[in-house]
Each structure stands twice: as C-alpha cells, then as structure tokens.
Amino acid sequence: TGAFNGVATSANGVTYTLEVRNGGLPGKGLTAEDLTVTVILPAGTTVVNTTGAGYAGVHHDDKAKADVAEWHAAKLGPKERQTFTITLSRAGTSSDNVRGTITWAKPTSAGVADTANLAPAPLPKPTQ
C-alpha cells in the first residue's frame, strides 16, 4: 500500500512525500516484487526534484491521460517501507491533484499484476 503523507511548500516548489509499504507479517507475509510507483502530475507542472531509489523519470501515460513520474523497486518485503519525494513547480488543485498507483508483478492475482491506487495527496495549506 502507499499514501502521500506530507506536503510542504518552499521557494523551489511544492514537495510531496509518498510512503510505500508492505503490510505483510514478517516471516509469514509475501515479498512484493518488481514494483512500479507512478505519480500522476497535475497539468502544466514540471518536476523540480525527486528522492528515492529507482527514479526513472517522467513520461506520458496514455491510460492516465497525463504525464507521470515513475520509480522502480526490485522488492519490498513484509513490513518494509520505502519513501519517495517529488518536488513540483506548483501545487495540485482539488480538481487536478497529485495522485498515483503502485503496481507489482509478484505475487499476482490470477496471474495478473496487482495495482493499488494512491489517494490524492493533501492540498497545501494557503499561505497568509
């Protein structure tokens, strides 16, 4: 599973923090393999900076009908977590917010890769 658990505004843009975790029990749960994390970018934004291993860049995704930033991870074992950040040139809005998916090749569901949707990121608080 995964969730956007933070958003911070700075002079460089808006940074979103995404945590991906495997909720399986250590010693009993399954290791997720060949993970792809995609973050759907709001229209007109550019990526200023990213952190987290496996960043593969930005490309257009026909299914999402938007540009997406993408990371790849070989494995994520039970109770393991991986954190990613992405700084965008501007914040998402309530109608066009940062959101995404996590897909893993193994274990599968009926032989098909599984996907979990990421809820939209929190909107930044207005500055006063």
(message) For Cα extents along the principal axes in Å, one of (1) 57, 25, 23; (2) 49, 30, 23; (3) 49, 25, 22 was computed from the structure I shared and the rest are decoys. Which label?
(response) (2)
(message) Under 25 Å between alpha carbons, and skipping anything fewer than 8 positions from residue 79 in its own chain: which lysines qualify?
(response) 28, 106
(request) Could you list the trypsin sites (Lys or Arg not before Pro) in segment 42-128 that lie in coil according to DSSP, counting only those with at most 16 other Cβ atoms within 10 Å of their Cβ? (result) 63, 65, 79, 90
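State the extension gain, in nm to one decimal, for the chain segment bounded by residue 81 and residue 96, taking 0.36 nm per residue of separation less the distance between their alpha-carbons. Write down the numbers at each step before the final one.
Details: separation 15, 0.36 × 15 = 5.40 nm, distance 2.72 nm.
Separation in residues times 0.36 nm, less the Cα-Cα distance, equals 2.7 nm.
None of the figures in this text is laboratory data; all of them are computed from the coordinates on show. Model, not experiment: these values are computed from the prediction. Methodologically, a virtual Cβ is constructed for each residue, glycine included, from the backbone with ideal geometry; neighbour enumeration extends over all protein chains shown.
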